[in-house]
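The values are calculated or read from the model by the stated rules, or taken from the named source; none is laboratory data. This one's a predicted model, so the numbers in the text were calculated from it and none came from an experiment. Ideal geometry is used to build each Cβ from the backbone, glycine not excepted, and the neighbour counts take in all protein chains shown.
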Amino acid sequence: MRKITLLLLVIFLPCMAAQAISYGYRGAASFNFAIYNPDLGPVNEELRALGMPELDDPLLLYGAQGFAHLSDPLRVGVTVLTGGNSVETLSGGVAREASFNLTLLGLLIEYRFLDIPRFEAYAGASVGAGWASVRLERNTSPVGWDDVWGQFQPAPSDSATNLTAEMEQRFFWPQPRVGARFYPATWLAISGSVEVPLVKLGADNWMINGNDLYGAQELDLISPFFQFSLSVGI
């Protein structure tokens, strides 16, 4: 419910606050997705030691964005993105899964520095709050079709032990960007940008079940971030 509320605010609030300008949109809402491949080296080292695949696939983040113009070339708005990736194994009736998840919520500002018909280039930044988590699960409950039915046999089954651990961290999120926007119609825009989140997840800032996590590793999330959007404006 919280994520739905945030998305609605992202979409409608900037458009309601938009001011009239002579070019492009007064305000717009967009669907966004991003491709991001951070360095999860310390996490992957632990996964290799457990005999599990590495989290080396890029993250696919999705979300929404909205903005309004303060002046002809200057726009401000809000953005939210969330997503992650995961790996899993099944061996000897034991299923194991590891995942890395990321959520970003913040304000954005853009300045248009190139303006030609149907095309513009801009630079800016996003700044806000972020949440990252590493989740581990081990499941010895029935994980196969036959196993599910077999547990209801008259003979008592062996006791199962299921484990879940989720390490999480909240962080401040500055992210400069440079991008381009194409207008195929007066009400429609397609954008692409290259961004770099200036974020390091400190070793001393990890939490687990609301408690400090000791002996953790630092994760460096400074890596290129490619974001694309489809915007509808007014």
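List of remarks:
- Scanning region 201-222 for residues that are without any contact (Cβ under 8 Å) to a residue 24 or more places away in the chain and either at negative phi or assigned to a strand (DSSP E or B) (or both) returns Ala203, Asp204, Asn211, Asp212, Tyr214.
- Qualifying residue in region 153-160 (condition: exposed (fewer than 14 other Cβ atoms within 10 Å of the Cβ), in a loop (DSSP other than H, G, I, E, B), at pLDDT 90 or above and over 16 Å from the mean Cα position of the chain (by Cα)): no
- Subset of region 167-189 [out of contact with any Lys or Arg (no Cβ under 7 Å at 6 or more places or on another chain) and of a type in the set (A, V, I, L, M)]: Met167, Val178, Ala180, Ala185, Leu188
- Meets criteria (crowded, with 16+ Cβ neighbours inside 10 Å and more than 19 Å from the chain's Cα centre (by Cα)) for Leu221: no
- Enumeration of residues in region 62-107 that are farther than 12 Å from Phe33 by Cα, among the β-branched types (Val, Ile, Thr) and surrounded by fewer than 19 Cβ atoms within 10 Å (Cβ to Cβ): Val76, Val87, Thr89, Val94
- Residue match in region 27-42 (condition: assigned to a helix (DSSP H, G or I), at pLDDT 90 or above and of a type outside the set (Phe, Trp, Tyr)): yes
- Candidates in region 52-61 are the residues that are in contact with a Ser or Thr (Cβ under 8 Å, 6 or more places away or on another chain) and among the aliphatic types (A, V, I, L, M); of these, the one that is nearest to Phe33 (Cα to Cα) is Leu61.
- None of Leu90, Leu70, Leu105, Leu74 is at pLDDT 95 or above and of a type outside the set (S, T, N, Q) except Leu105.
- Residue in region 69-97 that is farthest from the chain's Cα centre (by Cα), counting only those that are in a strand (DSSP E or B) and of a type in the set (Gly, Ala, Ser): Ser91
- Residue count, region 108-139 (criterion: closer than 22 Å to Leu74 by Cβ, aromatic (Phe, Trp, Tyr) and surrounded by fewer than 17 Cβ atoms within 10 Å (Cβ to Cβ)): 3
- For region 170-190, taking the residues that are modelled with pLDDT under 95 and among the small types (Gly, Ala, Ser), the one that is surrounded by the fewest Cβ atoms within 10 Å (Cβ to Cβ) is identified as Ala185.
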